[in-house]
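J.: Before anything else, here's the structure in question.
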Amino acid sequence: MRALDGRPGTLPLRVLIAGAGVAGLEALLALRALAEERVAVELLAPDTCFEYRPLAVAEPFGAGHVQRFELPPIAEAAGARLHHGSLASVDPPRHAVRVTRGQPILLYDVLLVASGARPREALPGALTFRGAQDADAVRALLDDCRDGRVRTLVFAVPGGVTWPLPLYELALLTGAQLAAEGAETELAVVTPEREPLEVFGSDASAMVRNLLEARGIRLLTETCPAGVEGAALRTDREGMLSADRVVTLPHLKGPQLAGLPQTQDGFLRTDPFGRVEGVPDVFAAGDATDFPIKQGGIAAQQADAAARTIAAQAGAPVEPEPFRPVLRGVLLTGAVPRYLVANLNGGRGGASEAAAEPLWWPPAKIVGRYLAPFLAAHAGLAITAAPPVEGAT
């Protein structure tokens with residue numbers, strides 16, 4: 001065991017993890033595995049449950065649902081003390097944070113911020129899909145399509161959104177559902193991307209393009225939605241597109257924490273090891289960082305890099321390893337899911353692969369080195385992809 005100044009000591013390193021999403025829990029489990037009793041971990045969470053959200057997009061179609069797991073048993077299994085509340089501000093010189101409720105001040109030796117991002121409306125007048133909370137609105141939209149009240153439906157990727165996969169899933173699942181039921185709504189996808197899901201590279205883009213074409217879904221690339229006006233979507237290139245309804249994704253804003261340097265949108269800049277730039281003993285992982293792609297698997301990889309660095313600081317026999325992002329995604333199509341992988345370089349698609357067979361195991365939607373097997377073993381989390389929509393091909 002080592003004290004903060006590197007001399008032999010007896011006290012474990014006090015690590016405070018703020019946030020209990022994918023990044024926070026992955027970091028918690030990684031620290032316990034890597035540092036063992038060299039760290040005393042406290043977990044600050046605004047809710048009492050962890051929501052495993054990858055299948056939220058499938059809820060309106062009866063093909064999946066958000067799974068919720070109580071946090072106290074997870075914290076207990078990882079040997080962490082659980083606090084309920086949110087991070088309000090950070091006082092780096094005092095190694096202290098202010099909390100929204102419960103114990104007002106918490107002290108730390110090392111702080112890991114994993115408090116996520118905040119969704120904001122990107123396209124007024126459209127249905128913004130944020131997750132399970134919007135499942136009922138999507139169900140109502142499907143009913144309107146079945147009843148003929150919606151003849152044209154557009155799925156619009158807003159400018160600045162770097163993780164559009166859920167919108168492609170919504171389009172494909174909707175297409176499969178309506179085709180299976182004989183509805184005649186015309187569907188379209190509008191995106192600023194040069195190719196669909198271009199972050200995954202050319203193979204994935206070609207696969208998605210073919211899937212959309214097979215479902216009769218029109219695709220408009222390099223086209224940015226600018227606004228919803230009556231029964232039309234205004235775009236920067238195509239002018240006004242007929243659209244009885246528009247479905248879109250939110251813009252994300254950072255946690256905007258007082259006391260820490262951040263971007264204009266409130267995100268935290270980190271180095272490849274997860275350290276917040278210019279602030280000793282403060283790390284960040286997941287959607288709270290300025291890494292452009294906000295996705296659970298990426299968050300887990302960032303958490304692993306930060307956890308290894310913290311474990312080494314605590315005296316564990318591990319070497320820090322930088323964050324080298326590998327993007328893995330399961331695209332739900334309403335039929336056979338597609339598995340996509342890309343090695344990222346500066347946020348752009350690098351070496352990539354796309355297939356109808358799993359490219360990793362277990363084939364979970366969110367791939368976390370520690371979290372995925374923990375949930376499978378201790379929380380009964382199913383690791384299979386969502387089943388096909390009935391009647392879809």
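J.: Let me spell out the model: positive unit charges on the Cβ of Lys and Arg, negative unit charges on the Cβ of Asp and Glu, origin at the Cα centre of the chain. What dipole size does that give, in debye rounded to 20?
T.: Magnitude of the dipole: close to 700 debye.
J.: Exactly which trypsin sites (Lys or Arg not before Pro) in the stretch 141-238 are in a DSSP loop and have at most 14 other Cβ atoms within 10 Å?
T.: ARG149, ARG194, ARG237
J.: May I pose another question? Mind checking the per residue accessible area of the chain for me, 1.4 Å probe, whole number of Å²?
T.: 42
J.: Kindly provide the GluC sites (Glu not before Pro) of the stretch 215-304 that DSSP labels as loop, not H, G, I, E or B, and whose Cβ sees at most 16 other Cβ atoms within 10 Å.
T.: Passing both the DSSP loop test and the Cβ count: GLU222, GLU238, GLU277.
J.: Shifting gears a bit: Take every DSSP beta bridge whose two residues both sit in the stretch 1-111, then give the antiparallel share in percent to the nearest 5.
T.: The answer is about 50 percent antiparallel.
J.: Counting alpha carbon pairs within less than 8 Å and at least 6 residues apart, what relative contact order, in whole percent, applies to the chain?
T.: Over the chain, the number comes to 19 percent.
J.: May I ask you to evaluate 6.51 cos²θ - 1.76 cosθ + 1.60, the Karplus curve with θ = phi - 60°, for each residue of the stretch 303-308 and list the ³J(HN,Hα) values in order in whole Hz, giving x for glycine and proline?
T.: 5, 5, 5, 5, 5, 5
J.: Nearest 20 debye, what's the magnitude of the dipole of the stretch 19-61 about its Cα centre given +1 on Lys and Arg Cβ and -1 on Asp and Glu Cβ?
T.: My answer is approximately 80 debye.
J.: Another one. Let me know the shape class of the stretch 102-230, please: from the alpha-carbon gyration tensor, a ≥ b ≥ c as square roots of the eigenvalues, rounded when a/c is under 1.5, otherwise prolate if a/b is greater than b/c, or oblate.
T.: Prolate, since a/c reaches 1.5 and a/b exceeds b/c.
J.: I need the phi-derived Karplus couplings for the stretch 158-166: 6.51 cos²θ - 1.76 cosθ + 1.60, θ = phi - 60°, integer Hz, Gly and Pro marked x.
T.: Here the 3J(HN,Hα) series is x, x, x, 7, 9, 10, x, 3, x Hz.
J.: Now, a different point. Just going by the charge dipole of the chain, with Lys and Arg at +1 and Asp and Glu at -1 on Cβ, which of LEU331, GLY125, LEU257 is farthest out on the positive end?
T.: LEU257
J.: To continue, here is another question. Semi-axes of the equivalent ellipsoid for the stretch 218-327, please: Cα gyration tensor eigenvalues, times 5, square-rooted, ordered largest first, whole Å.
T.: In descending order, the three semi-axes are 40, 16, 10 Å.
J.: Now a separate question. Find which of VAL208, VAL161, ALA135 sits farthest along the positive direction of the dipole of the stretch 120-213, computed with +1 on the beta-carbon of Lys and Arg, -1 on that of Asp and Glu, about the Cα centre.
T.: Positive-end residue among those listed: VAL161.
J.: A further question on this structure: Which percent of the accessible heavy-atom area of the chain goes to carbon and sulfur, probe 1.4 angstrom?
T.: Summing carbon and sulfur atoms, their accessible area is 48 percent of the total for the chain.
J.: Relative contact order for the stretch 105-205 using alpha-carbon pairs under 8 Å, separation at least 6, rounded to a whole percent?
T.: 25
J.: What list of ³J(HN,Hα) couplings, whole Hz, do you get for the stretch 129-138 from phi and the Karplus terms 6.51, -1.76, 1.60, once you set θ to phi - 60° and write x for glycine and proline?
T.: Values, residue by residue: 8, 9, x, 4, 5, 9, 4, 5, 5, 5 Hz.
The values are calculated or read from the model by the stated rules, or taken from the named source; none is laboratory data. Predicted, not measured: the structure shown is a model, and the values here were computed from it. Positions of Cβ are generated from backbone atoms using ideal geometry, with glycine treated the same way; all protein chains shown enter the neighbour counts. Only protein heavy atoms, including side chains, enter the accessible area calculation; ligands, DNA and RNA are left aside. Shrake-Rupley method; radii C 1.70, N 1.55, O 1.52, S 1.80 Å.
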